[in-house]
Ligand code: FAD
Ligand code: SF4
């Protein structure tokens with residue numbers, strides 16, 4: 001093994017001042033050379049922390065090694081064994097908090113850019129033509145209905161199709177993809193990429209029915225008879241509002257409506273596309289999560305001169321990922337923490353002119369473990385604006401889905417399941433945001449995979465999920481190899497005849513060489529071969 005390379009290859013991006021005036025993707029992607037160089041940094045740990053950190057357990061050293069060798073076709077095949085949406089995940093998964101957080105290289109330098117490599121091989125495959133679907137297995141004669149075509153629904157459908165099930169997805173909207181299509185903006189996740197991965201799922205034999213609202217067109221109980229099991233991946237698509245005066249004014253949007261008009265209905269191309277989206281020069285966004293950042297960055301691209309994010313806690317407490325907050329600030333979006341909107345104000349003609357804000361301060365800790373924002377002593381003030389976007393959370397109304405079927409929900413209204421996606425009705429399964437509340441794409445993918453395995457077990461009594469075969473995991477410690485025994489270093493002590501005459505410490509410290517030799521006796525069972533064969537621990 002050569003010298004360890006701790007420095008990550010940078011991702012080329014559009015410059016902030018250029019990108020705020022277009023909807024093109026901000027990150028531009030690696031070249032083949034950069035991808036191979038980056039992949040070559042991987043140490044191929046025998047016990048790879050990155051795999052443990054991946055919610056869907058991708059064989060990361062396997063696919064990264066193939067990229068390093070330039071075998072991109074085998075790399076994408078390895079990825080797709082566990083994830084039907086690699087181009088999406090390579091763009092929007094929070095890898096820094098998952099697989100990359102566990103990467104050994106990250107302990108001393110930059111973790112391998114696993115997400116960027118995932119994106120590279122998925123895009124490489126698309127450049128070669130239509131993504132390859134594995135050969136269809138023989139049908140097992142069982143039918144499964146999936147409600148919702150977000151990442152949870154697409155995953156459960158793909159995995160079951162690979163096992164020979166006949167799967168139909170019912171999607172309420174006229175395009176598939178869930179939040180990937182209507183929520184996450186084009187400049188972070190181009191819709192052509194989502195369409196490509198949806199087409200891949202269809203190419204596995206999945207039947208996709210659009211404009212089909214389960215609960216209206218047909219309730220879940222009326223799917224029984226035609227289907228042996230139902231998976232509900234309906235997401236969390238209903239917006240919360242603050243309930244403050246002025247929220248009904250013209251110019252106030254929920255983030256869901258605002259982003260849906262822009263992403264799904266292509267409002268940013270109005271009038272070439274039918275859906276209008278009011279363009280404003282000063283925009284205030286309520287909230288501190290990723291949805292608030294996406295709304296603010298979208299408003300900027302729609303031509304706003306000034307966008308202000310109003311958040312009632314501190315900047316450090318914002319739930320948005322650090323990368324998203326940094327990107328917003330780079331684009332000159334103003335973050336105004338510790339303020340609570342109390343009224344949306346209008347002029348004599350009823351036109352929205354600003355948001356009255358109350359300065360906040362931090363009080364005691366609340367049930368989320370964060371200090372609760374409480375009203376401060378300073379007077380209310382007005383942030384002038386002509387548009388407001390509320391991005392303060394979403395919820396699910398599951399009642400219309402189930403007509404007369406008792407499916408348990410949590411106090412907050414999310415569907416209650418066990419860890420494998422089983423609800424209280426034994427033929428109904430669920431996963432993704434509808435169960436957890438707003439979370440992440442890869443969380444929904446993981447839930448879809450688990451539910452597919454549960455549905456298979458429920459309908460056949462066994463587990464056919466070939467993709468769950470164990471990744472060979474090894475460590476440096478091989479009990480059969482009978483490693484050479486090295487005795488533990490003894491502790492030096494003051495001679496008995498000397499110490500009995502004083503209160504000085506009896507045990508002395510090791511010399512540096514002894515401490516190093518003792519530390520080297522550790523077999524590094526946690527990292528496997530990396531300890532012995534790389535320079536990481538020298
Ligand atoms: P969804 O993606 O919400 O899909 C549910 C689907 O079900 C929708 O298509 C909906 O139309 C359909 N549906 C609902 N009811 C019915 C019905 N009755 N009949 C038929 N169909 C129905 N996560 C990340 O990991 N990275 C990010 O960068 C990121 N950015 C985000 C940005 C925004 C603006 C938002 C809102 C979320 C973001 N998330 C992000 C979160 C992530 O997108 C979600 O956690 C994920 O999409 C949840 O997947 P899902 O399949 O459970 O539901
Ligand atoms: Fe490679 Fe090891 Fe990092 Fe995984 S943890 S990406 S195997 S260096």
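The values are calculated or read from the model by the stated rules, or taken from the named source; none is laboratory data. No experiment lies behind these values; they were computed from the predicted model shown. Don't worry about glycine lacking a Cβ; one is built from the backbone with ideal geometry, like all the others, and counts go over all protein chains shown.
Checking each residue in segment 14-32 for being more than 16 Å from ligand 1 (Cβ to nearest atom) and surrounded by 15 or more Cβ atoms within 10 Å (Cβ to Cβ) picks out 14, 19, 20, 29, 30.
None of 2, 70, 29 is at pLDDT below 90 and either in a loop (DSSP other than H, G, I, E, B) or over 24 Å from the mean Cα position of the chain (by Cα) (or both) except 2.
Looking only at residues in segment 369-403 that are in a loop (DSSP other than H, G, I, E, B) and touching a helix residue (DSSP H, G or I) at 6+ places or on another chain (Cβ under 6 Å), the one that is surrounded by the fewest Cβ atoms within 10 Å (Cβ to Cβ) is 403. Of the residues in segment 85-101, not one is part of a loop (DSSP other than H, G, I, E, B), more than 18 Å from residue 445 (Cβ to Cβ) and either touching a helix residue (DSSP H, G or I) at 6+ places or on another chain (Cβ under 8 Å) or within 16 Å of ligand 2 (Cβ to nearest atom) (or both). Condition first: assigned to a strand (DSSP E or B), more than 25 Å from residue 445 (Cα to Cα) and modelled with pLDDT of 90 or more. Can you find one or more residues in segment 245-253 that meet it? Checking segment 245-253: at least one residue is assigned to a strand (DSSP E or B), more than 25 Å from residue 445 (Cα to Cα) and modelled with pLDDT of 90 or more.
Do we have residue 35 as surrounded by fewer than 17 Cβ atoms within 10 Å (Cβ to Cβ), at negative phi, outside any loop (DSSP other than H, G, I, E, B) and more than 16 Å from ligand 1 (Cβ to nearest atom) here? Taking the combined requirement at face value, the residue does not satisfy it. Could you list all residues from segment 220-245 that are within 15 Å of ligand 1 (Cβ to nearest atom), surrounded by fewer than 17 Cβ atoms within 10 Å (Cβ to Cβ) and more than 27 Å from the chain's Cα centre (by Cα)? Answer for segment 220-245, where residues must be within 15 Å of ligand 1 (Cβ to nearest atom), surrounded by fewer than 17 Cβ atoms within 10 Å (Cβ to Cβ) and more than 27 Å from the chain's Cα centre (by Cα): 221, 222. Does residue 159 qualify as being within 29 Å of residue 28 (Cα to Cα), touching a residue at least 60 places away in the same chain (Cβ under 8 Å), touching a helix residue (DSSP H, G or I) at 6+ places or on another chain (Cβ under 9 Å) and part of a helix (DSSP H, G or I)? It is false that residue 159 is within 29 Å of residue 28 (Cα to Cα), touching a residue at least 60 places away in the same chain (Cβ under 8 Å), touching a helix residue (DSSP H, G or I) at 6+ places or on another chain (Cβ under 9 Å) and part of a helix (DSSP H, G or I). Within segment 302-344, the set of residues being closer than 19 Å to residue 246 by Cα and surrounded by fewer than 17 Cβ atoms within 10 Å (Cβ to Cβ) comprises just one member, 342. Of 82, 47, all but one fail to be in contact (Cβ under 8 Å) with a residue 12 or more places away in the chain, part of a loop (DSSP other than H, G, I, E, B) and over 21 Å from residue 158 (Cβ atoms); the exception is 47.
Would you say residue 311 is touching a helix residue (DSSP H, G or I) at 6+ places or on another chain (Cβ under 9 Å) and under 20 Å from residue 345 (Cα atoms)? Judged against the criteria, residue 311 is a match. Only one entry in 53, 115, 90, 97 is within 19 Å of the chain's Cα centre (by Cα), within 15 Å of ligand 1 (Cβ to nearest atom), surrounded by fewer than 19 Cβ atoms within 10 Å (Cβ to Cβ) and on the phi < 0 side of the Ramachandran plot, namely 97.
Do we have any residue at all in segment 217-234 that's farther than 19 Å from residue 144 by Cβ, modelled with pLDDT under 95 and away from ligand 2 (no atom under 16 Å from the Cβ)? Checked against the condition, which is being farther than 19 Å from residue 144 by Cβ, modelled with pLDDT under 95 and away from ligand 2 (no atom under 16 Å from the Cβ), segment 217-234 yields no hits at all.
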